[in-house]
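Notes follow once the structure below has been shown.
The values are calculated or read from the model by the stated rules, or taken from the named source; none is laboratory data. Fair warning: this is a prediction, and the values are worked out from it, not measured in the lab. All Cβ positions, glycine included, derive from the backbone under ideal geometry; neighbour counts span all protein chains shown. SASA here: full protein model, heavy atoms, side chains in, ligands and nucleic acids out. Shrake-Rupley method; radii C 1.70, N 1.55, O 1.52, S 1.80 Å.
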Amino acid sequence: MPLMTGEQYIESLRKLDVKVYMFGKEEKNWIDHPIIRPSINCVAMTYDLAHDPEYEDLMTATSNLTGHRVNRFTHLHQSTDDLIRKVKMQRLLGRKTASCFQRCVGMDAFNAVYSTTYECDQKHGTHYHENFKNYMIYVQDNDLTIDGAMTDPKGDRGKGQGAQADPDLFVHIVERRPDGIVVRGAKAHQTGSINSHEHLVMPTQAVGEADKQYAVSFAVPSDAPGLFMVYGRQSCDTRKLEPGADVDLGNKQFGGQEALVVFDNVFVPNERIFLCEEWDFAGMLVERFAGYHRQSYGGCKVGVGDVIIGAAALAAEYNGADKASHIKDKLIEMTHLNETLFSCGIACSCEGCPTAAGNYQIDLLLANVCKQNVTRFPYEIVRLAEDIAGGLMVTMPSERDFKSDLKVPTASELTLGDWCNKFFKGAEGVTTENRMRILRFLENICLGTSAVGYRTESMHGAGSPQAQRIMIARQGDFETKKKLAKTIAGIKE
């Protein structure tokens with residue numbers, strides 16, 4: 001099957017009987033819902049750019065499984081060049097959407113499951129790698145969007161999987177059958193889950209032998225019996241429901257999306273199982289997925305950062321403050337921070353190496369350093385953007401006030417809209433509407449519905465800061481560094 005277009009992707013979603021709940025009720029036509037549609041438009045961009053000759057080298061690759069040309073989001077990395085192109089592709093899409101385009105988690109899950117199943121088979125004599133290769137061919141041939149599902153609700157963070165009062169707080173196997181397994185539980189914070197054709201489930205953390213029923217990895221369609229999703233709401237989301245909303249929406253066309261995905265006794269056939277109680281490989285799968293996904297943030301967040309820097313520069317220009325030296329210095333600092341993030345994403349890619357299965361893995365230490373920086377730098381970039389924009393970004397009247405023809409009973413007899421446009425005018429030659437548009441855009445991306453794809457996700461996506469610090473401690477190789485110091489210092493023991 002040839003690569004899908006964005007429109008074909010959207011139409012393919014209509015063929016699924018996905019159960020979606022939002023604001024306490026089921027949404028039958030969720031594809032056209034004004035709150036959800038911007039996130040679908042983001043995913044559609046990953047399909048449309050694959051057909052653009054200008055971006056073909058970034059957006060597509062040759063499958064090592066079939067030899068066919070596939071969307072890079074369904075590709076298994078075959079070289080450090082593939083790893084680098086992945087990061088550059090993500091930066092491109094961040095620049096095109098200024099939001100989260102949602103296919104990264106699936107791509108990162110593919111590469112982690114591929115290498116882990118190979119090594120599991122080598123030790124235990126299982127057949128998961130063949131299962132997964134067949135699944136990947138299906139995904140590539142049909143150009144599917146897959147939700148890489150790792151994060152469980154976790155319940156009481158002071159207790160492990162088996163010690164929870166409710167065993168369903170981590171996805172687990174409840175029944176083994178000759179033809180497959182039955183699973184229960186949920187995955188939380190699932191980026192793009194509603195917009196995905198399927199879900200590729202992984203453990204959320206290492207598993208001990210006593211809790212081996214939680215060591216499970218599998219794939220199921222989004223409309224599998226017993227599976228449903230609850231859409232996560234975002235700041236300012238109901239603005240999209242206002243009649244004629246435009247300026248107040250900021251990023252009107254694109255947006256991110258998260259959901260709670262519930263598995264209520266969902267059946268998984270044997271050919272869709274990639275880990276089944278092999279508890280000693282749960283930690284490997286988690287670590288590898290986390291590494292790939294932490295690399296991703298050196299691309300996607302940088303692309304969005306490019307747009308934020310541009311918006312801040314425009315706001316300064318529209319405010320008439322673009323010539324001020326402190327404004328220029330803040331824009332330079334934002335650029336420095338953004339390019340540092342990109343440098344980490346490229347560095348961990350350049351230092352990648354082949355796994356036993358043959359696909360390439362990033363340098364885990366540098367990938368975790370990359371994500372550790374992402375938990376900090378975007379916050380400073382946003383702080384500087386808000387500083388440059390000014391307080392009007394969060395205090396201006398609504399779009400309806402600016403467009404109102406209501407007569408205000410004063411001597412001037414101007415309309416409410418006239419007064420708003422008069423007093424919120426900025427630099428000469430800039431319309432009040434354009435000034436308001438860029439300020440609303442910054443509000444949206446820094447504080448509102450696009451923030452889920454930038455600021456807060458920069459903190460918690462792919463693991464919160466402490467998760468990276470644990471990995472940095474493991475990968476830091478302090479013993480070797482102590483030996484270096486001893487040698488140079490002349491210490492002999």
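With the dipole of region 214-355 worked out from charges on the C-beta (+1 for Lys and Arg, -1 for Asp and Glu) around the Cα centre, which of 293, 266, 241 lies farthest toward the positive end?
Value: 241.
Give me the one-decimal nm value for the distance between modelled label points at residue 65 and residue 17, 7 Å along each residue's Cα-to-Cβ direction.
2.7 nm
In units of 2.2 N^0.38 Å, what is the alpha-carbon radius of gyration of the chain?
Cα Rg divided by the expected 2.2 N^0.38 Å: 1.05.
Could you rank 469, 437 by how accessible they are, 1.4 Å probe, largest area first? Spell out each step's value before the answer.
Numbers: 469 115, 437 85 Å².
Largest accessible area first, the residues go 469, 437.
Over all alpha-carbon pairs in region 6-280, figure out the percentage whose distance exceeds 25 Å. Don't skip to the answer; put the middle values down first.
Values: 17767 of 37675 pairs.
So the portion of pairs separated by more than 25 Å is 47 percent.
Using the membrane-span-like helix rule (whole DSSP H runs, Cα extent along the own axis of at least 27 Å, mean Kyte-Doolittle hydropathy at least 0.0), which helices of the chain qualify?
Details: long enough: 104-124 (30 Å, -0.39); 282-319 (53 Å, 0.32); 325-350 (37 Å, 0.25).
Helix filter hits for the chain: 282-319, 325-350.
If you stretched the chain out fully between residue 407 and residue 246, how much longer would it get, using 0.36 nm times the residue separation minus the C-alpha to C-alpha distance? Could the numbers behind the result be given before it?
On the way: separation 161, 0.36 × 161 = 57.96 nm, distance 2.30 nm.
Going from the current span to full extension adds 55.7 nm.
Return the whole-Å distance between the Cα centroid of region 81-129 and the Cα centroid of region 376-399.
Answer, in whole Å: 34.
Please give, to one decimal in nm, the separation of the simple spin-label points placed at residue 163 and residue 351, each 7 Å out from Cα toward the Cβ.
3.4 nm
Using a simple charge model, +1 on the beta-carbon of Lys and Arg, -1 on the beta-carbon of Asp and Glu, nothing else, what dipole does the chain show about its Cα centre, in debye to the nearest 20?
Working: 55 positive and 64 negative charges, 213 e Å.
The calculated dipole for the chain is roughly 1020 debye.
Using 0.36 nm times the number of residues separating residue 29 and residue 414, minus their current alpha carbon distance, what extension gain do you get?
Values: separation 385, 0.36 × 385 = 138.60 nm, distance 4.30 nm.
Length gained between residue 29 and residue 414: 134.3 nm.
Rank 309, 194 by accessible area, highest first, at a 1.4 Å probe radius? Provide the component values of the computation, followed by the final result.
Numbers: 309 25, 194 0 Å².
The ordering from most to least exposed comes out as 309, 194.
Using Cβ-Cβ distances only, list the Cys residues of the chain with no partner cysteine under 4.7 Å, sorted by number.
Here 42, 100, 104, 120, 236, 276, 300, 348, 350, 353, 420, 446 come out as lacking a disulfide-compatible partner, given the Cβ-Cβ threshold of under 4.7 Å.
Can you give me the relative contact order of the chain as a percent, contacts being Cα pairs under 8 Å and 6 or more apart? Let's see the in-between values first.
Numbers: 954 pairs, mean separation 89.7, N = 493.
Relative contact order of the chain: 18 percent.
Between residue 398 and residue 456, what FRET efficiency comes out of the Förster formula 1/(1 + (r/R0)^6) with R0 = 25 Å and r the beta carbon distance, rounded to 0.05?
On the way: r = 25 Å, r/R0 = 0.98.
According to the calculation, E is roughly 0.55.
Counting only heavy atoms of the protein chains, get the accessible area per residue of region 86-234 (1.4 Å probe) and round it to a whole Å² value.
Details: 5020 Å² over 149 residues.
Normalised by residue count, the accessible surface of region 86-234 is 34 Å².
Towards the positive end of the charge dipole of region 6-280, with charges on Cβ (+1 Lys, Arg; -1 Asp, Glu), say which of 89, 106, 165 has the farthest Cα.
89
Report, to the nearest whole %, how much of the accessible area of region 123-166 belongs to carbon and sulfur atoms, 1.4 Å probe, protein only. Walk me through the intermediate numbers first.
Working: 910 of 1960 Å².
Percent of accessible area from carbon and sulfur atoms in region 123-166: 46.
So how do 129-135, 159-165 stack up, highest first, on mean other-Cβ count within 10 Å? Let's see the in-between values first.
Numbers: 129-135: 18.9, 159-165: 15.3.
Ranking, from highest mean packing down: 129-135, 159-165.
Cα to Cα, under 24 Å, and not fewer than 8 places away if on the same chain: which lysines meet these conditions relative to residue 371?
Leaving aside lysines fewer than 8 places away in the same chain, those within reach of residue 371 are 86, 88, 96, 154, 187, 301, 330, 481.
Suppose all protein chains stay in the model; what accessible area per residue would a 1.4 Å probe give for region 406-493, in Å²? Before the final figure, lay out each step's value.
On the way: 5350 Å² over 88 residues.
Averaged over the residues of region 406-493, the accessible area is 61 Å².
If you take the beta carbon distance between residue 130 and residue 482 as r and set R0 to 51 Å, what does 1/(1 + (r/R0)^6) give as a FRET efficiency, to the nearest 0.05?
On the way: r = 44 Å, r/R0 = 0.87.
According to the calculation, E is roughly 0.70.
Using a 1.4 Å probe on the protein heavy atoms, what percent of the accessible area of region 287-483 belongs to carbon and sulfur? Provide the component values of the computation, followed by the final result.
On the way: 4900 of 8630 Å².
So the carbon and sulfur contribution to the accessible surface is 57 percent.
Report the full-extension gain for the segment residue 376 to residue 156: residue separation times 0.36 nm, less the Cα-Cα distance, to one decimal in nm. Walk me through the intermediate numbers first.
Working: separation 220, 0.36 × 220 = 79.20 nm, distance 2.68 nm.
Contour length minus the Cα-Cα distance gives 76.5 nm.
Using protein chains only and a probe of 1.4 angstrom, how many square angstrom of residue 179 are accessible, to the nearest 10?
80 Å²
With runs of 4+ DSSP H residues as the only contributors, calculate the mean residue ellipticity of the chain at 222 nm using -39,500 (n - 2.57) per run, divided by the residue total and rounded to the nearest 500. Can you show the working numbers first?
Values: 17 runs with 229 residues, N = 493.
Result for the chain, helices only: -15000 deg cm²/dmol.
Would you be so kind as to identify which of 394, 480, 326 lies farthest towards the positive end of the dipole of region 287-483, taking Lys and Arg as +1 and Asp and Glu as -1 on Cβ and the Cα centre as origin?
Going by the charge dipole, the pick is 480.
Set the Förster radius R0 to 60 Å, insert the Cβ-Cβ distance between residue 235 and residue 493 as r into 1/(1 + (r/R0)^6), and round the FRET efficiency to 0.05.
Details: r = 58 Å, r/R0 = 0.97.
E between residue 235 and residue 493, to the nearest 0.05, is 0.55.
Pop a pseudo-label 7 angstrom from the Cα along the beta-carbon direction at both residue 475 and residue 253 and give the gap in nm to one decimal.
Roughly 3.5 nm, to one decimal.
Cβ neighbours within 10 Å, averaged per peptide: list 238-247, 359-368, 375-384, 484-493 in order, most packed at the top. Don't skip to the end; give the middle numbers.
On the way: 238-247: 13.7, 359-368: 24.0, 375-384: 19.6, 484-493: 8.2.
Going by the mean number of other Cβ atoms within 10 Å, highest first, we get 359-368, 375-384, 238-247, 484-493.
Accessible area, 1.4 Å probe, largest first: how do 73, 423, 342 sort?
423, 342, 73
Can you compute the charge dipole magnitude of region 287-483 about its Cα centre, using +1 on each Lys and Arg Cβ and -1 on each Asp and Glu Cβ, nothing else charged? Give it in debye, rounded to the nearest 20. Intermediate results must be reported in sequence, preceding the final value.
Details: 23 positive and 23 negative charges, 115 e Å.
The calculated dipole for region 287-483 is roughly 560 debye.
Consider a paramagnetic label point 7 Å from the Cα of residue 427 along Cα→Cβ; state which residues of region 311-355 have an amide N under 17 Å from it.
Of the residues in region 311-355, 311-332 have backbone N under 17 Å from the label point off residue 427.
For a quick protection proxy, order the peptides 273-285, 95-107 by their average other-Cβ count within 10 Å, most packed first. Don't skip to the answer; put the middle values down first.
Values: 273-285: 21.4, 95-107: 26.2.
Answer by packing, highest mean first, reads 95-107, 273-285.
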